[in-house]
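The values are calculated or read from the model by the stated rules, or taken from the named source; none is laboratory data. Values in this document were obtained by computation on a predicted structure and should not be read as measured data. Virtual Cβ from ideal backbone geometry, glycine too; neighbours counted across all protein chains shown.
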Amino acid sequence: MKRGALKGVVIGVVVVALLGVSVAVFAQQVSPKRHPNLAAAQDLVQQAIAKITDAQHSNNYDMKGHAEKAKELLNQAYNEIWLAAQAANAAQ
């Protein structure tokens with residue numbers, strides 16, 4: 001297999017794996033009716049992850065791991081927003 005083809009396969013596997021992680025994290029969506037500001041924050045996190053993914057694609061995924069780290073941190077933020085909504089729900 002040529003080097004370019006192998007790189008394409010590796011990139012494809014990484015993208016599919018990341019999509020699986022994103023879907024799992026995004027399953028914990030805050031209710032916009034109950035917590036509109038937190039739901040809006042989650043939407044912005046999703047948009048930021050999408051923009052970083054676009055940037056990775058534009059740069060052939062050669063960003064020395066920094067874009068991936070940013071996406072991991074955004075996924076953590078998304079989850080923390082969900083936990084904040086859960087805490088607010090428990091306090092009511």
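Among the residues making up the range 32-69, those that are exposed (fewer than 14 other Cβ atoms within 10 Å of the Cβ) and not in a helix (DSSP H, G or I) are Pro32, Lys33, Arg34, Asn59, Asn60, Asp62, Lys64, Gly65.
Sort out which residues of the range 59-80 are within 30 Å of Gln92 (Cβ to Cβ) and free of Cβ contacts under 8 Å to residues at least 12 places away in the same chain, and write them in order of number.
Here is the first cut: in the range 59-80, the residues within 30 Å of Gln92 (Cβ to Cβ) are 73-80.
Residues satisfying the conditions are Leu73, Gln76, Glu80.
In the range 40-58, what residues are closer than 20 Å to Gln92 by Cβ and without any contact (Cβ under 8 Å) to a residue 24 or more places away in the chain? Don't jump to the end; show me each part of the working.
Here is the first cut: in the range 40-58, the residues closer than 20 Å to Gln92 by Cβ are 40-42.
If the condition is that a residue be closer than 20 Å to Gln92 by Cβ and without any contact (Cβ under 8 Å) to a residue 24 or more places away in the chain, then Ala40 is the only one that fits.
Condition check: modelled with pLDDT of 95 or more, surrounded by 12 or more Cβ atoms within 10 Å (Cβ to Cβ) and in contact with a Phe, Trp or Tyr (Cβ under 7 Å, 6 or more places away or on another chain). Does Gln28 satisfy that?
Against the criterion (modelled with pLDDT of 95 or more, surrounded by 12 or more Cβ atoms within 10 Å (Cβ to Cβ) and in contact with a Phe, Trp or Tyr (Cβ under 7 Å, 6 or more places away or on another chain)), Gln28 does not qualify.
In the range 5-12 there is no residue matching the filter, namely being out of contact with any Asp or Glu (no Cβ under 9 Å at 6 or more places or on another chain), among the β-branched types (Val, Ile, Thr) and at pLDDT 90 or above.
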